[in-house]
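The structure under discussion appears below in the form of structure tokens.
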Amino acid sequence: MFGEPWIWMTGLIVMIALAIALWWATVRHPRRTSVERARKLFHLQRERLEFRFSQLATNSYKPRGLELIDCDFEDEISFARDRHNGRLRAYVAVTIQFQAIEGGGMEDNPNVGNLKAGSAEFRLDGSDWGTDGKVLFNVNPVEAIQRYQQELELVE
């Protein structure tokens, strides 16, 4: 009446395999994080992020003859989405102060004590914001996003 049982069994196995493949595809590529959720996560993690940024910037960013002594973060945050992978980035205006290292050749430069403006970059990975201590100098957060407009899209 229904044909050979092996035909039905093969069809059932194919349907189950297709269902598993579709489930795996949805689990493997998580949905984009909403901007609202990203804002809340950034707010919750901000103190840790600023501390981590300061640590990384102090240890890794060493202009010749200078050391970073202070990093002041502004309140406003600009968000952008990476056009290639859809991940969110946040840019926060920072004011950085350096001081000359003794014997580093910059002690006589009168501009060493000047405050430097820039934008600190943060990246969202899953539900955790992170940073590599990267600073884009002489640009505010919106200008930083515009500078990289080929790879970033401003998010309102």
>> Let me check the size of the chain from its C-alpha atoms; what are the radius of gyration and Dmax in Å?
In response: 24.4, 98
>> Can you compute the FRET efficiency between Lys134 and Asp108 using 1/(1 + (r/R0)^6), with r the Cβ-Cβ distance and R0 = 25 Å? Round to the nearest 0.05.
In response: 0.30
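Ignoring ligands, DNA and RNA, please state the percent of accessible area on segment 3-129 from carbon and sulfur, probe 1.4 Å.
57
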> Quick one: accessible area per residue over the chain, 1.4 Å probe, rounded to a whole number of Å²?
Replying inline: 69
>> From Cα pairs below 8 angstrom and at least 6 apart in sequence, can you work out the relative contact order of the chain, rounded to a whole percent?
In response: 22
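The values are calculated or read from the model by the stated rules, or taken from the named source; none is laboratory data. A quick note: this is a predicted structure, and the numbers were derived from the prediction, not measured. All Cβ positions, even for glycine, are placed from backbone atoms using ideal geometry, and neighbour counts span all protein chains on display. Protein only, heavy atoms only, side chains kept; ligands, DNA and RNA dropped before computing areas. Shrake-Rupley method; radii C 1.70, N 1.55, O 1.52, S 1.80 Å.
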